[in-house]
Amino acid sequence: LKDQFDNLDKHTQWGIDFLEKYAKFVKERIEIEQNYAKQLRNLVKKYCPKRSPKDEEPRFTSCIAFFNILNELNDYAGQREVVAEEMGHRVYGELMRYSHDLKTERKMHLQEGRKAQQYLDMCWKQMDNSKKKFERECREAEKAQQSYERLDNDTNATKADVEKAKQQLNLRTHMADENKNEYAAQLQNFNGEQHKHYYIVIPQIYKQLQEMDERRTIKLSECYKGFADSERKVIPIISKCLEGMILAAKSVDEHRDSQLVIDCFKSGFEPPGDFPFEDYSQNIYRTISDGTISTPKQEGMRIDSKTTVGKAKGKLWLFGKKPKPQSPPLTPTSLYTSSTPNGSQYPIFSIEPVHYCMSDIKTGKPRIPSFRSLKRGYFCLQGPALEDFSHLPPEQRRKKLQQRIDELNRELQKETDQKDALIKMKDVYEKNPQMGDPGSLQPKLTETMSNMDRLRMEIHKNEAWLSEVEGKVAARSDRRHSSDINHLVTQGRESPEGSYTDDANQEVRGPSQQHAHPNEFDDEFEDDDPLPAIGHCKAIYPFDGHNEGTLAMKEGEILYIIEEDKGDGWTRARRHNGEEGYVPTSYIDVTLEKNSKGA
């Protein structure tokens, strides 16, 4: 390798180029890892958007599992970023630094080799010059000798010419001897430098280049290992991420999801009852009693189904205007008369016409429920209905109220802890005045106590609403049970809600009442016989009652209950002066009387 300096130069340059080529490969791999991690994070962000705290979507196990998988995938993306960072710091960065150092070292070694070669060339030139000079002087000495010998043999030459030729020969010979000695010295010096160059200097430079190339190879080996270690270090964490995905998949419970759907959409309303049988054949097969006489005068008192419903409703009208009387005749024989001992006549109803009227009432379109729905929607917009969740079905309302009570209890606990901390701090300040002024804590303590009182009032109000809802659910269960037992015995009478009640007083009034007030069919809200009270209530909060059909009340006012809440958040009540209307159920404390139906 002593004469392969140029080849070693090319080889070391190839080694550095290969090192940089591998560094470029690592850089591209790092970019791939970074882009992969970035795309994974964007994917997770796309399918797992940020939700506001008020977002209450059902937490199905399949959704939870998917969110857990997204979280594990996000962690997996983080591990890919760790791989890229480790490769960039341990492999790529180290390769670039080593490549720079390697180039500097190689340049230095090559410069030393070139300097040694230049010095050897210089010694060779000096030796070659002395050699050529010695050769030239030898030729001149030979010419001088030949000239001397020629003159010395020439008989015609003078002694002076011969002596001059001899001096010239001696001079050339002397100069040849001096050049000979110079050539010998330069030759010896060149041979020594050449030996030193090829046996000491160049081998040392080549050894340094060899060591440099070997270190480059070792560095590549270490980078190869570091490249693999960067991936191997995150394998345990990636395995945990994959195990988390598997556990998330195993956590999916179809029965629990079904139960969540049931709980989410469970309204708490009871199913509608059976429709009664409507016998329209009564008008065909009925018989006329021999003891009754129908007169044309009494045709004006024919019974209207809407009038019957109005009598059951009391003094409440939908839009503040009474309707025009429209009394289409049922049958000519629907109304019978009977005579009293003094000769007066009063109308009586046979069983068949009454049954026909009741069938007409039950099949007629109820108007009050639509009005109550209108009021319910109006108050949902005004605020109180939203506050007590009366716009929701009973079961959903119960859940919302329970959640709010839990939140208020947590806030109350925080305020209580804060109050205790302030009291302790105040005691410390009182014992050690230098630590602070106890009076400075009083405003904060007062504010905390005020917040606690406010939270307690809110909790009490929501607990009252919750008790009301739970009581209604229990009442519905009891009412549904009794309805199942007595369904075929009592079909029920129509209430203002279009539902059925057991109160027989709400049916068609007796003959004497009809005779005493013959014009009651023209105004269905002028009934002098009010509905019986089934309990009483106390107003917890004031209510303005600006809307049509509502009843204003003051806080603490006592009212009679004449109709229970049917699940829409409104209760029908009456004052002592006979004024009736609907009030929010959540604004009153209701007490129902036992056996009130027959009272």
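The values are calculated or read from the model by the stated rules, or taken from the named source; none is laboratory data. Please read these numbers as outputs of a predicted model, since none were measured by experiment. When we count neighbours, we look across all protein chains shown, and the Cβ atoms used for this are built from the backbone with ideal geometry, even at glycine. Protein only, heavy atoms only, side chains kept; ligands, DNA and RNA dropped before computing areas. Shrake-Rupley method; radii C 1.70, N 1.55, O 1.52, S 1.80 Å.
Does segment 532-541 contain any residue that is among the hydroxyl-bearing types (Ser, Thr, Tyr) and in a strand (DSSP E or B)? Break it down stepwise before answering.
The first filter runs over segment 532-541 and keeps only residues among the hydroxyl-bearing types (Ser, Thr, Tyr), leaving 541.
In the following step, the residues that additionally are in a strand (DSSP E or B) were identified as none.
Looking through segment 532-541, none of the residues is among the hydroxyl-bearing types (Ser, Thr, Tyr) and in a strand (DSSP E or B).
So which of 160, 141, 165, 185 is in contact with a Ser or Thr (Cβ under 8 Å, 6 or more places away or on another chain), among the small types (Gly, Ala, Ser), in a helix (DSSP H, G or I) and open to solvent by 40 Å² or more (accessible area, probe 1.4 Å)? Let's see the steps before the verdict.
Values: 160 fails: in contact with a Ser or Thr (Cβ under 8 Å, 6 or more places away or on another chain); 141 fails: open to solvent by 40 Å² or more (accessible area, probe 1.4 Å); 165 fails: open to solvent by 40 Å² or more (accessible area, probe 1.4 Å).
When all the criteria are applied, what remains is 185.
Looking at this structure, is residue 440 polar (S, T, N, Q), without any contact (Cβ under 8 Å) to a residue 24 or more places away in the chain, under 30 Å from residue 541 (Cα atoms) and surrounded by fewer than 13 Cβ atoms within 10 Å (Cβ to Cβ)?
Details: polar (S, T, N, Q): yes; without any contact (Cβ under 8 Å) to a residue 24 or more places away in the chain: yes; under 30 Å from residue 541 (Cα atoms): no; surrounded by fewer than 13 Cβ atoms within 10 Å (Cβ to Cβ): yes.
Taking the combined requirement at face value, the residue does not satisfy it.
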Worksheet item: Would you pick out the residues in segment 226-248 that are open to solvent by 60 Å² or more (accessible area, probe 1.4 Å) and touching a helix residue (DSSP H, G or I) at 6+ places or on another chain (Cβ under 6 Å)?
Response: 237
Worksheet item: Which one of 219, 164 is farther than 30 Å from residue 88 by Cα and either at pLDDT 95 or above or more than 47 Å from the chain's Cα centre (by Cα) (or both)?
Response: 164
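Before we move on, is residue 268 open to solvent by less than 90 Å² (accessible area, probe 1.4 Å), outside any helix (DSSP H, G or I) and not acidic (Asp, Glu)? Steps first, please.
Details: open to solvent by less than 90 Å² (accessible area, probe 1.4 Å): yes; outside any helix (DSSP H, G or I): yes; not acidic (Asp, Glu): yes.
Against the criterion (open to solvent by less than 90 Å² (accessible area, probe 1.4 Å), outside any helix (DSSP H, G or I) and not acidic (Asp, Glu)), residue 268 qualifies.
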Fill in: Among residues of segment 188-201, those that are open to solvent by less than 60 Å² (accessible area, probe 1.4 Å) and either outside the structural domain of residue 128 (by the TED database) or in contact (Cβ under 8 Å) with a residue 40 or more places away in the chain (or both), counted
4
Item to complete: For residue 424, work out the one condition from (1) open to solvent by less than 30 Å² (accessible area, probe 1.4 Å); (2) among the basic types (Lys, Arg); (3) over 24 Å from residue 468 (Cα atoms) it doesn't fulfil.
Response: (1)
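When you check residue 153 against the structure, is it more than 30 Å from residue 22 (Cα to Cα), assigned by the TED database to the domain that holds residue 112 and at pLDDT 90 or above, yes or no?
Working: more than 30 Å from residue 22 (Cα to Cα): yes; assigned by the TED database to the domain that holds residue 112: yes; at pLDDT 90 or above: no.
No; evaluated as a whole, the condition is false for this residue.
Given the criteria over 36 Å from the mean Cα position of the chain (by Cα) and modelled with pLDDT of 60 or more, does residue 394 qualify?
Details: over 36 Å from the mean Cα position of the chain (by Cα): no; modelled with pLDDT of 60 or more: yes.
So residue 394 does not fit the description; no.
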Item to complete: Evaluate the following for residue 497: is it crowded, with 17+ Cβ neighbours inside 10 Å, part of a loop (DSSP other than H, G, I, E, B) and either at pLDDT below 50 or basic (Lys, Arg) (or both)?
Response: yes
Item to complete: Considering only residues that are of a type in the set (D, E, K, R), within 30 Å of residue 268 (Cα to Cα) and out of contact with any Phe, Trp or Tyr (no Cβ under 7 Å at 6 or more places or on another chain), look in segment 545-582 and name the one that is surrounded by the fewest Cβ atoms within 10 Å (Cβ to Cβ).
Response: 568
Response to the item:
Being farther than 30 Å from residue 224 by Cβ and either open to solvent by less than 30 Å² (accessible area, probe 1.4 Å) or touching a Pro at 6+ places or on another chain (Cβ under 8 Å) (or both) narrows 95, 120, 110 down to just 120
